[in-house]
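Let me begin by presenting the structure, written as structure tokens, before commenting on it.
The values are calculated or read from the model by the stated rules, or taken from the named source; none is laboratory data. Since the model is a prediction, treat every value here as computed from it, not as a measurement. Glycine gets a Cβ as well: all are built from the backbone with ideal geometry, and neighbour counts include every protein chain shown. In case anyone asks, the SASA skips ligands and DNA or RNA and just uses the protein heavy atoms, side chains included. Shrake-Rupley method; radii C 1.70, N 1.55, O 1.52, S 1.80 Å.
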Amino acid sequence: MAKPIKTTLPPGMAVPVHIGVIMDGNGRWAKKRGMPRKVGHREGAKNFRAITRYAKALGVKYITFYAFSTENWKRPQDEVDAIMELFEKYLDEVRDFIEENIRVRFIGDRSMLSETLQKKMKSVEEDSLDFDSMTLVLAINYGGRDDICHSVKNIVQMAIDGKIKADDVTEDMIEQNLYTEEIPAADLIIRPSGEQRLSNFLIWQSAYAEFYYTNILWPDFRGKDLEDAIIAFNERNRRYGGV
Ligand code: IPE
Ligand code: IPE
Ligand code: MG
């Protein structure tokens with residue numbers, strides 16, 4: 001069992017229900033140290049577990065980590081292989097979360113992943129189905145555009161089956177057919193590493209999210225940095241188009 005975490009968020013802060021994290025900067029972290037990029041991915045993967053535990057201690061209900069995008073296949077094969085190997089290793093370790101009452105879910109197109117990986121994903125999801133202290137969402141081979149495309153395909157199939165007509169399509173229906181299904185929209189999107197873009201992360205789900213950027217590289221991102229993002233979030237005025 002992991003030892004209890006002491007958080008330092010000032011009292012009275014609202015904790016976002018759903019935080020999305022773009023785990024960026026692993027490659028640059030390794031380069032700075034004269035090491036191969038895959039070492040950065042290894043450090044980044046370790047860090048995601050630490051931040052998951054920290055988020056749970058803060059009372060975050062949903063946290064989504066962007067681990068591999070639909071565009072990341074463009075990378076050199078040896079880097080892609082190294083990342084896939086890490087997923088397999090970490091999926092075994094993600095099982096520890098089950099002891100901590102954390103539900104684990106995956107979003108993205110699994111059909112491109114190895115059978116072993118797919119099996120592990122399915123079994124972790126099934127075994128953690130009833131846990132409710134926090135939901136950990138891992139975005140693997142995820143793309144926001146692909147997510148919307150996947151939803152549209154489901155809806156078109158319902159139309160072909162005669163269950164719905166064009167006029168029955170609503171925002172709710174599109175949402176319920178996304179990979180995220182009943183997961184609430186993102187409140188806060190955090191991107192370390194200095195880049196200020198979404199890179200095809202939760203496009204639909206972040207329509208009204210607040211964005212937080214920091215120059216820290218993902219392997220160096222700590223619980224304190226998560227707290228800084230939450231403090232910044234508390235200073236925002238979310239108007240949703242109102243006044
Ligand atoms: C993010 O780190 C991890 C993945 C995209 C899998 P990067 O590998 O993109 O790190 P940088 O941006 O090159 O530093
Ligand atoms: C976004 O990072 C994807 C993940 C962190 C998984 P990238 O490093 O792939 O994004 P770009 O290419 O800089 O936009
Ligand atoms: Mg990057």
- Message: Just to be sure I understand: with springs between alpha-carbon atoms less than 10 Å apart, which residue in 83, 19, 189 has the highest mean-square fluctuation in the Gaussian network model of the chain?
- Response: 83
- Message: Using 0.36 nm times the number of residues separating residue 3 and residue 17, minus their current alpha carbon distance, what extension gain do you get?
- Response: 2.6 nm
- Task: For the chain, give the magnitude of the charge dipole about the Cα centre (Cβ charges: +1 Lys/Arg, -1 Asp/Glu; no others), in debye to the nearest 20.
- Result: 1000 debye
- Message: Could you give the length gained by full extension between residue 176 and residue 32, i.e. 0.36 nm per residue of separation minus their alpha carbon distance, to one decimal place?
- Response: 47.6 nm
- Task: Compute the Rg/Rh shape ratio of region 96-234: radius of gyration over Kirkwood radius, all on alpha-carbon atoms.
- Result: 1.01
- How many Å² of accessible area per residue for region 1-135, probe 1.4 Å? 52 Å²
- Query: Using a simple charge model, +1 on the beta-carbon of Lys and Arg, -1 on the beta-carbon of Asp and Glu, nothing else, what dipole does region 7-60 show about its Cα centre, in debye to the nearest 20?
  - Reply: 420 debye
- Please list, or write none, the lysines whose alpha carbon is within less than 28 Å of the alpha carbon of residue 163, excluding same-chain residues fewer than 8 places away. 153
- Message: Once you order the gyration tensor axes a ≥ b ≥ c over the Cα atoms, which shape class does region 191-243 get: rounded for a/c under 1.5, otherwise prolate or oblate by comparing a/b with b/c?
- Response: oblate
- For region 1-102, diffusion coefficient by Stokes-Einstein and Kirkwood Rh (Cα), 20 °C, 1.002 mPa s, µm²/s: 140 µm²/s
- Message: Could you tell me the calculated FRET efficiency between residue 109 and residue 161, based on Cβ-Cβ distance and R0 = 25 angstrom, to the nearest 0.05?
- Response: 0.65
- Pairs 61/89; 46/122; 61/122; 56/122; 89/224; 74/224: which exceed 30 Å Cα-Cα? 74/224
- Item | Ratio Rg/Rh [Cα only; Rh per Kirkwood] for region 136-190 | 1.03
- Note on the structure: The extension gain from residue 75 to residue 98, computed as 0.36 nm times the residue separation minus the Cα-Cα distance, is 5.1 nm
- Query: Using the beta-carbon distance between residue 119 and residue 238 and R0 = 45 Å, what value does 1/(1 + (r/R0)^6) give for FRET efficiency, to the nearest 0.05?
  - Reply: 0.65
- Query: 222 nm [θ] for the chain, helices only, -39500 (n - 2.57) per DSSP H run of 4+, per residue, to 500?
  - Reply: -13500 deg cm²/dmol
- Accessible area of region 1-137 belonging to carbon and sulfur atoms, whole % at 1.4 Å probe: 52 percent
- Over the Cα atoms of region 61-102, Rg to Rh with Kirkwood Rh, two decimal places? 1.08
- Message: How large is the convex hull of the C-alpha atoms of the chain per residue, in Å³?
- Response: 145 Å³
